[in-house]
Each structure stands twice: as C-alpha cells, then as structure tokens.
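Beneath this line is the structure, given in structure tokens, with notes to follow.
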Amino acid sequence: MSDATALLSMQQLMLRYKTGKVALSGITMDISENSFVYLTGESGAGKSTLLQMFYGGLRPSSGKLSVQCVNMRTAQEGEIRMLRQRTGIIFQDHRLLFARTVFENIALPLRVQGWHIDKILPRVHKVLSFVGLGDRMWAYPAALSGGEQQRVAIARAIVTKSRVVLADEPTGNLDVETAQQIMDLLKAVNRSGSTVIMATHDLHLINEFPGRVITLHAGAMVADDL
Amino acid sequence: MSDATALLSMQQLMLRYKTGKVALSGITMDISENSFVYLTGESGAGKSTLLQMFYGGLRPSSGKLSVQCVNMRTAQEGEIRMLRQRTGIIFQDHRLLFARTVFENIALPLRVQGWHIDKILPRVHKVLSFVGLGDRMWAYPAALSGGEQQRVAIARAIVTKSRVVLADEPTGNLDVETAQQIMDLLKAVNRSGSTVIMATHDLHLINEFPGRVITLHAGAMVADDL
Amino acid sequence: MISDLLPEHMKHLHLPGGFQLPPFGLHQWLALIIVGVGLWLVGSVWLGLQAGQQWVNSWQDDVVVHVYFPHDQELALIRAQERFEKWPSVASVQLRPVEEGVAWLQEWLGDTGLDAEEIAKRLPLVLVLRLGNHDESSEFIFADIRDEAVRQGGFINEDELLLARMHGYVASVKYIVLFVTILLALAMALIISNTLRMMQLSHQEEMALMRLMGAKEWFVRMPFMLEGALIGAGAGFLGGMLLWPISWMVSTISDHFHLSGDVGWISFSLMLLGLVSGCVGAWISTLRGVDDRADEDLDS
Amino acid sequence: MISDLLPEHMKHLHLPGGFQLPPFGLHQWLALIIVGVGLWLVGSVWLGLQAGQQWVNSWQDDVVVHVYFPHDQELALIRAQERFEKWPSVASVQLRPVEEGVAWLQEWLGDTGLDAEEIAKRLPLVLVLRLGNHDESSEFIFADIRDEAVRQGGFINEDELLLARMHGYVASVKYIVLFVTILLALAMALIISNTLRMMQLSHQEEMALMRLMGAKEWFVRMPFMLEGALIGAGAGFLGGMLLWPISWMVSTISDHFHLSGDVGWISFSLMLLGLVSGCVGAWISTLRGVDDRADEDLDS
Ligand SMILES: Nc1ncnc2c1ncn2[C@@H]1O[C@H](COP(=O)(O)OP(=O)(O)OP(=O)(O)O)[C@@H](O)[C@H]1O
Ligand SMILES: Nc1ncnc2c1ncn2[C@@H]1O[C@H](COP(=O)(O)OP(=O)(O)OP(=O)(O)O)[C@@H](O)[C@H]1O
Ligand SMILES: [Mg+2]
Ligand SMILES: [Mg+2]
C-alpha cells in the first residue's frame, strides 16, 4: 500500500499519551498529494490526535509516520518548523488571539514566514474577502459571532497557500448554509493544489461534498473508502 | 402575549453593540417556566447575543426584558449576581479553565454559591457520571477530546440545579451519537424542572427532540412555532 | 466515600475564590524576601539616622570652637569678640576665665613646684564660641570663623573644627535618607503589585468566569487580597525581625545609643507598612478591568 | 491601494514576533524608572565609598594616638613603650623628643621672655603610637590602648581617639555597601524579569501559536529580548546620567575628592550592567515552558 508519491504515509502508527491513554494504534495508510480526506469517528476516537501528529504537535510513540518526506519520529526541530510553515491548521477551538485584530490574526503566519507588510496587507484582504469577511479586517474577534470567528480561523489557515491544510471540525459551530460555504472554500483550496485533511462529525456534508473518508473508532482505523 | 407566569419576557427588545452594529431588534416573546426552547438562525443572526442578555452579560439598548422577574434594564449589580447564580451557562467556546482539573472546573459554580467541600465532591462526581465522564474527574481539560470538553462544560452548567440553563451550541463539536446523549441529558435536566434555552444549527436534532423553535434572522425574530 | 473520590495527591484541594490563599510559589517567595530585605534596609537606615541624631544631640550643647589669641593681643581679642557676637549663628561668645586656664595648666603640669599662675599669664587668650542652631550651613560657618579669627590675628584648632563639622554632615544625611526610603518603598510596592498582577493575569479567565457565575466582588478578589496582605505582612515581619540583630550590634559597638525602643517602633511600623501596602496593592491591581477579554493584552 | 486598506488610526501596525519592540506601556516605564533610580542608588553608594576611601587614604599614615605620662613617670613610660611595641596592630612606638615639646610650647607661649626649656622639663612625657594595618578591629584597638595606658599610669586624649575611630567605621561600611548593592541588584533584576514575565503571560497564546506556525525561537523571543534590553539599558543610562549631578555636588562641597574619573567608570558599568541584566532576564524568562497550556497557571 506504500506509495512513493504519498504525501503522508503511516505504518502501524501508535500514540500513547503521557497519562497512559493509547489514543491511536495500528494506523496504516497513505494520503497522496492533492487529495481531500475526511476523518470521522465518535467523540474521543482520536481524530484531533491524528491531525496533531501531522504537524509535529505530537510525536509517534511507535510505528512510522512521514509527512511531506519528513520522518516524524526522528525529525529535528528545524525540519518540523519548516514543515509547519508548509501546513495550514484550523484548530478545533479555533485559537484566535482576542487581543489582536482580525487582520493581525491572519497576518501572523505570513509574518512568521518573513513577508513584508506591503505584501501582507493585500494578501490578508484577499483571503478575508474570500471567506466573506472583507469588511471586518479591523474588528476584534470578540466582536464577531462564533461562525464569523470560525471563518477567520479558516482564513488564517489558508493565507499562506500551504501544501497541506489540516482542519479540525471547521464547520462545527456553523449553520448549514455557512457550513456549505466553508466546504466550498476548502474544496477550492483543494483544487488550487493543497491537500485537505478534515476531521468532522457531519455525515451530511460528507455525502454532499465527496472525498476519501477514513473512519476511526477508539484509536483504530475501522474503515477507509479509498 | 405577555403572561404573568412567564419566566422570561421580552418586548421590542433591541441591542446595539458599541461598534454601532444592531445585533437584535424588535424581539417580542415570552418564555414560560419549564419549557424547552431552541434558538436557530444563520451564523451572525444574534443567537449568542440574545442568550448573553438572559444572564446580564449585555444590557438591552431599548425595549423591555425581564428574566426571572428581574428587569434587566434597571437591575442592580446584586440582582444580576443572584440571577446568575440561578442560571447555568454553556458557552459557545466552552470556556473551560485549562489550568484546573475537571473537578475544579465543575466545582466552580458550587464554590461561588458557598457550598462546603464535603458536599461539593459527591455532587460533582454525580454530575460527571451523569455526562459519562465519572472517571475523568482529576484529568486536565487539555487531556480530553473536544467532545469530552464539551460534556464537562455541560456538567458545569447543570451542577447547581439552575432554574434556567442557557446552552450555546452544546452539540456543535460532537458526533451524532454523543450529540444525542447530550440532548437526552438536556431533556432530563428540563424534565427535572429547569427551563432550557438552546442555540443550535442542527435541524436534525430539532426534529428528533421536539421543543419550541424560535428562528432569528439578522437580529429579528422570523419564526416561532409556539 | 468522599475520601474514595479524592486521590491521595489531591488531599489539599485548591479551589478558586473566597477565603482561600492561592498557592505560594517561587514568585511569591521571591517577592516576600526581596521586599522584606528592602523594608529591613529602610528600617536600618532610619535606625542609623536615629543613632546619628542621638549622637548629634549628645553634642548639641558641646559644639564649641575655641579661638586662640597670643596673650598680648587683648585688643584684637575684644574686637573679635564684638564681631562674633553679632553673628546670628553664634549663640554665645565668652572669654575663657584666666583661672580656668590656670587650673588646666596646673593639672597638666602635675603637682610640681612650678608656679602655674606665672605661666598662665603667658598663656594664649581664648574665646569660646558656642554655636546655636546648627544646620547644613555650618560647613560655611566654620570656614567663616576660621577666616575671621585669622583676620583678627588669632587662630583656631583644625581638629576641633573637623569634629564639629561632622555634626553638619549628619544633619544633611537626613534628606538623603528620606529620599532613599521613599524610593525603596516605591520599588517594594511595584514588586508586590507586579507579583499580584502576574498572579491575576494567569487567573484572569477564572475571575471572569466566577463573575459570570454570580460571584461577589470580594469573593473574586479575596485570594489576591489575602496574598498581597500575606506578602506585605510577611515582608514587614521579616524586615522587622532582621532589625533586632542590627540594633544589638550597634549597641554592642557603642553604648552611646539606646535604640531598643526605637527598634520596636520601627519594626512595628514596617510590619504595618508591609501589610497596608500589600492590601492596597492587591486592591488596586484587582481594580483594573479584569473582566475584559481585550485586556488580556497589556499593551492597551 | 495599501493605504486604502489601512485605516487612519492603524498607521502604526504592531505585528507580533521578530525585530519588533512591543509597545512601551505604563508597566515598562515604571520598571525602567524604578530600576534606573535603583541603579543610580547603587552607583552613588559606590561613589560615596570611593570618596570615603580617598578620605581614609589621606589619613592612612596619620592615624596616631598620643599617650601621656606625668613628667616624673619615666619608668612607667618605658614599660608601656615595651608593651606597645609587642602589639601587632601598632606599627611604631616613639617617644616624643623633648625638643619637639619645647618648640611647640615656645610657639604656643609666644615669643615671651619665659624660658620654655624650664617649663618643658615639667611637661608630660608623650608616647606616639602609629597604627599599622587599619581594619574593623581598630574599634577594640583604641579601647585596648586606653586600657593599657591607664594601667601603666598614663592617659590619652579622647577627642583624638574619636577621630581615629572614624577611620575604622569607614572601612567597615564597605561590607554593608557590598551587601546593599547585591540586594538592590537582585531587586532590580526581579522587577525587570517580572515585567517581562507579565508581558509574556499576556502574550502566551500568541507565542504558542507562532511556534505552531513554524516560527524560529529567536523570532518568538526577540520582542521580549529587545524589551528587556531596552528597559535594562534605559535604566542603566538613567542611573549613569543621574550620577553626574551627585559627583558635581560632592566636588563642590569639598575639593578633597577627585571623582570624575570614577563617575565615568561607574556610570559606564551601570549601563552595561543594566543592558546585560535586561537581556539575561529576558532570555531566562522566555525559557520557561511557555508553550505549555497548563503553564498558564503560575501555581504549579
Ligand atoms: N493531552 C492528552 N493527554 C491525555 N489524553 C488525551 C490528551 N488529548 C486527548 N486525550 C484522549 O485521547 C482520546 C482521543 O482524543 P482526541 O482529541 O484525538 O479525540 P477526537 O476524535 O478529536 O474527539 P472529538 O471529536 O471529541 O474532538 C480521548 O479519549 C482523549 O481523552
Ligand atoms: N462584542 C461585539 N461587538 C460588536 N459586534 C458584535 C459583538 N458580538 C457579536 N457581534 C456581531 O453581532 C452579530 C450577532 O452575533 P452573535 O454572536 O449573536 O451571532 P450568532 O447568532 O451567535 O452566530 P453564530 O452561530 O455564528 O455563533 C454578528 O454580526 C457579530 O459580528
Ligand atoms: Mg477533536
Ligand atoms: Mg453564537
């Protein structure tokens, strides 16, 4: 099943938390470039844990995991750092900075990559318009509704044209229509060349926007519709 | 439409944020004791704003709002405080304290109401078991999955047998099964005598667990299936 | 059953709010010790001043300058006496009686057969200047006296002058001490309030949440008030206690000084000062809009 | 087009990370000023010590104690001389030559017909004790000399003793000064590091987020390093500058002291001290696990 062109590849991947909890075990799969992947499973199945491993937030306890040709068990700090710069992340609890404006929140990854302010401004504006919040650039996140905050978090994740976008329940707080808009966005991002891996509970969305569906249950992979 | 036994009553309620945004306008309705109410509407419709007004987080800009016989436009700090002690809140971004254990998070409202530790412990244990996390009492929220965190937030809201429970998308991050468990919980809370007001996007849940549905759109009430 | 629920390492539950002291960590101890030693510094400086004051007071009536004139210069002497009497800073000018000189000489020479009176006639004439209100300007008084004496044909004892001059120095030190005290007190207050503010920043969400649950203001703030009071009082106590060895050392060195009463008072005031400043610092630092989420950023 | 996007009040965008100084708020200014004045205190105390040292040095060879004996007690005198010579703390013991006494008496008596030599025979005999290595123990040396002199039948001049004793006091002050300096330096470091830690606590999430986005460590920490360095250097500069008026005042009061060279050095060291301590404080305070969410609580 291993594949030379695979962007992410896992073999007997296992993760045990410090508390002793085995959150993932025996995960073996490949994710090829430019695919659109759903991760589903009940609450506590290990979706967020798996996504965290894809950006080096957690290191494998055993088994093999390579992401964008980086071996995540042996990777140096510097490699992980470079990997993260090529990865857009939408966190389950969006993690927006409430002390900073929407603009500053979205500009953060660009700034980390050393962009100049003259290029940052139009780019942020473009992405914000793309998620439909072009006029809220100078608002503070506290002044946005939950769904609007979610869209800001999405804008932050896609602002740097990442090779991989990891989305942890990006539609969790959204009404059906907005969720569909978000899915359109993610599909567009996928079409423009990024691989999108998205954890979700929403089976209706999966039916509506087709993609590869990987189902976890209690830390193990129970289905893969590849 | 005004009703002597109404627990919450609104008349031409309007709310304008400091930014000038009118988030609610012309809301007129009564919510009677012991009812189960859904608030729906697109993202940004004003659901969270309305819920915030029910516990004095925001004061009406104009119109009338009385909650549990407290006039929210003229209420003193002390009245609001007493009102809040009779209100359980599930925040949209759950607002758990990550530096404290699950037990300490849930004990917080009891402590605020002056309970003795000997009574707090069994009570917290009981409520945690009720939401299915009896064995996670001494874990930190960071070690829980998103859905488990959501359930802790629910436990915190119902731990003090409140007269009113305000729930802002309590099932937002949950898979279908867990969401149904949560709904069962809230229904049970409702049956035990609390009024439950719940903001949600999930129309499937509404169909499955009947209740009064109030629909907001752009700050106005557009439907009420009473 | 309760003990079943409570794991062993959690025996000391630490719930937020109310009459509950937040755990005393490294930062708290650091602040307590540094503020304590700072207060001790303040106390010792004041103690030193007190000692200096006592020293000065024991001199106060003794600050005299002798102006000598050759025995045959009586006219010059009288002229000088008249001039010195007009100086406001000189309280009294007296001619040393001849008998005194004789008695002194007699004693000095021993009980020999030599006739002291005969020698005494040849002794210099001495004007005794007693200085009155003694303040910082004394530095110049001494120089002026020297100048005037020389101008009139007399001379003075330089050693005596140096000793008298000390007096002026001690008096002027008081202002420096006052300044240092204020500065140290400010620095100590800043340390306490910063420590508390740190504590609060890290408990900000918790405080906001308790308010949303209907907690009273005193309930939310009490832990920080208690902490501030504890740090302040502890530091005051430390500073006060550290004063005793100092005062003991001083009294061993010299029994000129009787400071025990002062030490009691100063250490008591230090404790009070610490306590009050701790409480006030806590109150003030809890005042600022901790409910506001945008306030998480200190920039604004 | 860019200026279209940027509203008027946002002209100075303040993005996190990198070579960007965080906005300088009240806390920063407070810390800078207090630390600056603290450093100035340290500097002035050292300056004072320097001055005291110079004063002491100008005395060094002059610390003598005269022991008087009645003119007919030559045996006692010789016995005392022998005993004093054995004391390690006494560098030399000399009998004052009779001529010197005569000359002094002659001058004192004026050029009268009186025969000074005759009187001189009746003058007391004087031992001149020159003290050697002069340290804190001198307090007891003086008492010992007095005791010994009295035991041998002689006496000493108490005023002379007091003056000489000063010397010992100045020497022992050095240790107190050292202690105070260390304490103040610690307090200043605590103030800087607390200020930075506050800044970081309020930017904790931001820092964690930047790390999750692949930011290098220096990029995340640079603003705080810059801030620490700025506060430290600013405080050092303030302290150094404030030293000059002090040194000017001192040299106006007395031209005994030549401190300008020292002032330069001390203020330079202060600036360096401030800068280094600011940077080190910043580095240390950025080290602690800021990435860890449970660390939001300072308790643990
Ligand atoms: N930091 C941690 N330490 C210990 N256990 C953890 C930690 N984080 C998560 N867990 C546990 O690991 C399991 C998987 O968690 P994970 O967050 O991956 O679930 P999830 O599939 O994302 O669930 P949800 O849909 O609720 O977000 C859960 O049982 C959770 O309690
Ligand atoms: N503090 C605030 N200041 C200014 N405007 C605000 C503030 N909070 C919310 N708004 C605006 O008010 C409107 C209603 O927000 P609200 O949070 O009530 O929406 P909601 O119905 O809860 O949406 P969602 O389903 O996305 O959570 C939104 O347009 C939002 O941008
Ligand atoms: Mg998850
Ligand atoms: Mg909402």
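The values are calculated or read from the model by the stated rules, or taken from the named source; none is laboratory data. Computed from a prediction, not measured in an experiment: that's the story for all the values here. All Cβ positions, even for glycine, are placed from backbone atoms using ideal geometry, and neighbour counts span all protein chains on display.
A few remarks follow.
- The set of residues in region A:123-153 that are in contact with a Pro (Cβ under 6 Å, 6 or more places away or on another chain) and over 16 Å from A:Arg95 (Cβ atoms) contains only A:Trp138.
- Flag for B:Arg111 being modelled with pLDDT of 90 or more, charged (D, E, K, R), more than 16 Å from ligand 4 (Cβ to nearest atom) and under 18 Å from the mean Cα position of the chain (by Cα): no
- Selection status of A:Leu174, crowded, with 21+ Cβ neighbours inside 10 Å and either within 16 Å of ligand 2 (Cβ to nearest atom) or in contact (Cβ under 8 Å) with a residue 60 or more places away in the chain (or both): yes
- Only listed residue being within 16 Å of ligand 1 (Cβ to nearest atom) and not acidic (Asp, Glu), chosen from A:Ala188, A:Ala167, A:Ala155: A:Ala167
- Residue match in region B:45-60 (condition: within 14 Å of chain A (Cβ to nearest Cβ), more than 26 Å from C:Val220 (Cα to Cα) and either over 16 Å from the mean Cα position of the chain (by Cα) or within 16 Å of ligand 1 (Cβ to nearest atom) (or both)): yes
- Annotation: of all residues in region B:128-140 being assigned to a loop (DSSP other than H, G, I, E, B) and small (Gly, Ala, Ser), the one that is nearest to the other protein chains (Cβ to nearest Cβ) is B:Ala139.
- Within region B:75-94, being under 13 Å from B:Ala155 (Cα atoms) and part of a loop (DSSP other than H, G, I, E, B) holds for B:Phe91, B:His94.
Let's see how each residue does on (1) surrounded by fewer than 17 Cβ atoms within 10 Å (Cβ to Cβ); (2) away from every other protein chain (no Cβ under 11 Å); (3) within 16 Å of ligand 2 (Cβ to nearest atom):
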{"position": "B:Thr178", "(1), (2), (3)": "no, no, no"}
{"position": "B:Leu186", "(1), (2), (3)": "no, yes, no"}
{"position": "B:Thr195", "(1), (2), (3)": "no, yes, no"}
{"position": "B:Leu226", "(1), (2), (3)": "yes, yes, no"}
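- Scanning region B:16-48 for residues that are of a type in the set (Gly, Ala, Ser), more than 8 Å from ligand 2 (Cβ to nearest atom) and either surrounded by 22 or more Cβ atoms within 10 Å (Cβ to Cβ) or not in a loop (DSSP other than H, G, I, E, B) (or both) yields B:Ser25, B:Gly26, B:Ser32.
- So B:Gln181, is it within 15 Å of the chain's Cα centre (by Cα) and within 16 Å of ligand 1 (Cβ to nearest atom): no
- Test: residue in region B:96-119 that is under 27 Å from B:Tyr55 (Cα atoms), buried (at least 18 other Cβ atoms within 10 Å of the Cβ) and within 16 Å of ligand 2 (Cβ to nearest atom): no
- When region A:95-127 is filtered for residues that are more than 14 Å from chain C (Cβ to nearest Cβ) and part of a loop (DSSP other than H, G, I, E, B), the ones remaining, listed by number, are A:Gln113, A:Gly114, A:Trp115, A:His116.
- Hits in region B:76-92 (condition: among the hydrophobic types (A, V, I, L, M, F, W, C) and touching a Gly at 6+ places or on another chain (Cβ under 7 Å)): B:Ile80, B:Met82, B:Leu83
- Checking every residue in region A:81-93 against the condition of being aromatic (Phe, Trp, Tyr), at pLDDT 90 or above and within 16 Å of ligand 1 (Cβ to nearest atom) gives at least one match.
- Some residue of region A:105-118 being without any contact (Cβ under 8 Å) to a residue 12 or more places away in the chain and over 24 Å from A:Leu83 (Cα atoms): yes
- Region A:71-94, residues that are within 12 Å of chain D (Cβ to nearest Cβ) and surrounded by fewer than 21 Cβ atoms within 10 Å (Cβ to Cβ): A:Glu77, A:Gly78, A:Glu79, A:Ile80, A:Arg81, A:Met82, A:Gln85, A:Arg86, A:Asp93
- Test: B:Thr171 is within 14 Å of chain A (Cβ to nearest Cβ) and within 16 Å of ligand 3 (Cβ to nearest atom): yes
- Matching entry among B:Gly26, B:Gly63 (being over 28 Å from A:Asn173 (Cα atoms) and away from every other protein chain (no Cβ under 13 Å)): B:Gly63
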